[in-house]
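The values are calculated or read from the model by the stated rules, or taken from the named source; none is laboratory data. Keep in mind that this is a model prediction, so the values were computed, not measured. All Cβ positions, glycine included, derive from the backbone under ideal geometry; neighbour counts span all protein chains shown. Ligands, DNA and RNA are stripped out before the accessible areas are found, and what is left, the full protein with its side chains, is counted by its heavy atoms. Shrake-Rupley method; radii C 1.70, N 1.55, O 1.52, S 1.80 Å.
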Amino acid sequence: MKGRNKNTSDSGKESAGVAAAGLVEDGMIIGLGTGSTTAYAISEVGKRINQEELDVQAVVTSYQSEMLAIDAGIPLTSLSEHPVLDLDIDGADQIDFELNAIKGGGAAHTREKVVACSSKQFVAVIDESKLSDKLNHSVPVEILPYSRNLVLQKIQDMGAEPEIRQAVHKDGPVITDNGNLIIDAEFDVVENPNNLASELSAIPGIVEHGIFTGIIDEIYIGKNDGTFGELHLS
């Protein structure tokens, strides 16, 4: 994060990420997600490992988080070696007050969901702009390329507007770390995240969708003034 000009959003992201990194304890095996807010947590975990000589290993969810963790000096491991993690720290595109979330803006939500569900505690880190009364963000869906036409039609039949996500700095679609495509499905307001999650999971060819329900234990919310708040279900 060196060399960046911090705006108010960056201040919120940094405060949430740094605060969540404070949950890491000596001897932990942790999960590290993907995205700009999680990047601050990764950097802070690396600093703590160096300064406090913590014995910590991490399972990462993408090539991006792998590179950041290596640069930060965080030893890496895998779910094959450690199938149960002590803590997972990851961001989100949007979260409601019931701790339902939409993830996948970085096209890593399949691995992120696997890591989150492998962890004893999942803490989401967001800036306050990501908190919403209702989920209304487009839903990322990772699909097998072979199933593209079928999945697009099924999602259209559900009343949504699906589009294959296109790459920004190259021609063609975004390809995930798993070698698949991403569909962004616009459902307007998601009134029942659990029902929508079940309907999407039933479509052949969908590898994983970006709706996270019943997985997040706590949210660290970074504020524009550089402080943070916490939200968890009682």
Considering only residues of segment 177-206 that are charged (D, E, K, R) and either at pLDDT below 95 or surrounded by fewer than 20 Cβ atoms within 10 Å (Cβ to Cβ) (or both), which is nearest to GLU98 (Cα to Cα)?
-> GLU191
Could you tell me whether segment 149-158 includes any residue that is surrounded by 18 or more Cβ atoms within 10 Å (Cβ to Cβ), out of contact with any His (no Cβ under 6 Å at 6 or more places or on another chain), at negative phi and β-branched (Val, Ile, Thr)?
-> yes
Report, by residue number, each residue of segment 57-71 that is open to solvent by 30 Å² or more (accessible area, probe 1.4 Å) and touching a residue at least 12 places away in the same chain (Cβ under 8 Å).
-> GLN57, VAL60, TYR63, GLN64, LEU68, ASP71
Which ones in segment 130-176 are part of a helix (DSSP H, G or I) and either hydroxyl-bearing (Ser, Thr, Tyr) or at pLDDT below 95 (or both)?
-> TYR146, SER147
Would you mind telling me which numbered condition in (1) in a helix (DSSP H, G or I); (2) free of Cβ contacts under 8 Å to residues at least 60 places away in the same chain; (3) of a type outside the set (Lys, Arg); (4) open to solvent by less than 10 Å² (accessible area, probe 1.4 Å) GLN51 fails?
-> (4)
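Yes/no per residue for (1) without any contact (Cβ under 8 Å) to a residue 12 or more places away in the chain; (2) part of a helix (DSSP H, G or I); (3) surrounded by fewer than 23 Cβ atoms within 10 Å (Cβ to Cβ):
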{"residue": "GLU14", "(1), (2), (3)": "no, yes, no"}
{"residue": "GLY17", "(1), (2), (3)": "no, yes, no"}
{"residue": "ASP55", "(1), (2), (3)": "no, no, yes"}
{"residue": "ILE74", "(1), (2), (3)": "no, no, no"}
{"residue": "LEU99", "(1), (2), (3)": "no, no, yes"}
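Please enumerate the residues belonging to segment 20-41 that are assigned to a helix (DSSP H, G or I) and touching a Gly at 6+ places or on another chain (Cβ under 8 Å).
Of everything in segment 20-41, those that are assigned to a helix (DSSP H, G or I) and touching a Gly at 6+ places or on another chain (Cβ under 8 Å) turn out to be SER36, THR37, THR38, ALA39, TYR40, ALA41.
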